[in-house]
Amino acid sequence: MTFEEIIHQQYGIDEEVCRMGTLVEESLQNRFREIDEIRDFNQIKVLKAMQNAGLAERHLHGTTGYGYDDDGRDALDKIYADVFDTEDALVRSQIVCGTHAIALCYYGILRPGDEVVAVTGKPYDTFDNVIGFDGNSSSILAYGIKYRQVDLLPDGSPDYEGIAATVTENTKMAVIQRSRGYDYRESFTMAEIGKIIAAVKEASPDTIVMVDNCYGEFVDTTEPTNVGADIMAGSLIKNPGGGLAKTGGYIVGRKELVKLCAERLTVPGLGAHVGASIGNNRDMIQGFYMAPHITSESLKGAVFTSAVFERLGFETSPASDSLRSDIVQAIKFNDPAKLIKFCKAIQMAAPVDSFVSPEPWDMPGYNDPVIMAAGAFIQGSSIELSADGPIRPPYIAYMQGGLTYANVKLAALIAADQIIKEGN
Ligand SMILES: *Cc1c(COP(=O)(O)O)cnc(C)c1O
């Protein structure tokens, strides 16, 4: 039986839609080959780093208590530093999410009176409280740190003139966000990030450049730290956890900066020397080993989904043939019913909680109801297939992740089938 036949038989997807899926897939073979090349390159990079670090069976076990002399944890730090070409790394299950990893860079590096400039517009929503737009008393603003922002230009591109005019020698740190997050803009390529960093350094050579690398790891053969970033952070329940890390975050960069972040994560003086890995080393190490492959599966799924919905006449971002710098796929539905159908279909295709039907709800902190679909082995994991969107015009669904391409392919075709049927 072919893939077309089995999904028709098992999921009742219209034969016409199944056939379209096959045609779309055939049309993407060159694109998939490029993704495979990036995957293979990154796989060797990760493998070699594991060998360079002398990774051994004993590293896969963990420590308890203080976690002194946790060889596995230290080996993983070494492997991350090697892969991202940095002096040091801090990879920890005690970093509870991506926001925490990035916030550690703010709190670790900045001191009262310092200035930080967000040079790619307002950061991801979860930073509203960290920066303190709403007056949070634990925010960086509350600690007397100055915050400035250079918005993106109306077309979503970086405002180089604005950066040159805003960053001065008084700017302690400049912040770049690689991924689109939940903005309908392109994510920044490594060439663009290199150019943004050069613009910051030209305005002020000593300004530290920090990059939020969430969703970007292993999408390209280079990373922001290869094009001049001083420090970079991300989440282990996204790309670099490879779907196996159960929790955690990472920070990589210049040694003295990583040390400042470690002293903020734990306490001054102890820094990275403590923090028991308990049972997490194996998942974190094996997950990193799997990460280039898993990221490529997600990417192929995103490209396929983009191409399917383009064929159905929807605007997608990125388009199926454009260069990518993260694993996020946006589809503009211009219709609330179609957005809801799409998210329900993603849920239907999940390995976990497939019987649940997501509904839009009023989430704290959002002005419009939001619908979220996720059926993951790890709570909130967005390297696993998930989709969400606020119920407001133009009704955009943001989809990301997928541990296996075949599962994303199925999800996209269920969604296409349901949306076509609804239209009739
Ligand atoms: C996911 C993400 C984060 C961090 O989010 P967490 O949910 O805290 O892990 C930060 N920035 C961007 C752009 C992201 O996509």
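The values are calculated or read from the model by the stated rules, or taken from the named source; none is laboratory data. Small disclaimer: the values here were computed from a predicted structure and weren't measured. Methodologically, a virtual Cβ is constructed for each residue, glycine included, from the backbone with ideal geometry; neighbour enumeration extends over all protein chains shown. Quick note on the areas: whole protein, heavy atoms, side chains included, nothing else; ligands and nucleic acids left out. Shrake-Rupley method; radii C 1.70, N 1.55, O 1.52, S 1.80 Å.
Some observations on this one:
- Within the chain, helix-based [θ] at 222 nm, where runs of 4 or more DSSP H residues each add -39,500 (n - 2.57), nearest 500: -13000 deg cm²/dmol
- Segment 1-41 residues near the modelled D321 label - backbone nitrogen below 16 Å, point 7 Å along Cα→Cβ: 24-34
- Spatial separation of Cα centroids for segment 245-267 and segment 303-360, in angstrom: 34
- Kirkwood hydrodynamic radius (C-alpha pairs) into Stokes-Einstein, the chain, 25 °C and 0.890 mPa s, D in µm²/s: 111
- Shape of segment 224-299, Cα gyration tensor, a/c cut at 1.5: oblate
- For the chain, share of DSSP beta bridges that run antiparallel, in % to the nearest 5: 60
- Structural descriptor for the chain: relative contact order 17 percent, calculated from alpha carbon pairs under 8 angstrom and at least 6 residues apart.
- Extent along principal axes [Cα atoms of segment 146-231; Å; largest to smallest]: 33, 28, 21
- Three-way shape call for segment 377-419 based on the alpha-carbon gyration tensor, with the a/c threshold at 1.5: oblate
- Nearest-10 value in Å² for the accessible area of D82, using the 1.4 Å probe: 70
- If a spin label sat at a point 7 angstrom from the Cα of N226 along the line to its beta carbon, the backbone N atoms of segment 75-101 nearer than 13 Å would be those of 83-86.
- Rounded to the nearest 20, the Cβ-based charge dipole of the chain about its Cα centre (Lys and Arg +1, Asp and Glu -1) stands at 540 debye.
- FRET efficiency for D71 and S354, using Cβ-Cβ distance with R0 set to 35 Å, rounded to 0.05: 0.30
- With each label modelled as a point 7 angstrom along the Cα→C-beta vector, the N52-D36 pair spans 2.7 nm.
- Relative contact order %, segment 62-277, counting alpha carbon pairs below 8 Å whose residues are six or more apart: 30
- Burial order of peptide ranges 396-409, 42-55 (average beta-carbon count within 10 Å, highest first): 396-409, 42-55
- Whole-Å distance, taken between Cα centres, linking segment 1-46 and segment 389-404: 20
- A simple packing score, the average count of other Cβ atoms within 10 Å per residue, orders the peptides 111-117, 337-343, 234-240 as 234-240, 337-343, 111-117, with the highest score first.
- Contact order relative to length of segment 1-134, as percent, for alpha carbon pairs under 8 angstrom and 6 or more apart: 12
- With the simple spin-label model, which puts each label point 7 Å out from Cα in the Cβ direction, the Q379 to E422 separation comes to 3.0 nm.
- Prolate/oblate/rounded label for segment 62-277 (Cα gyration tensor, a/c 1.5): prolate
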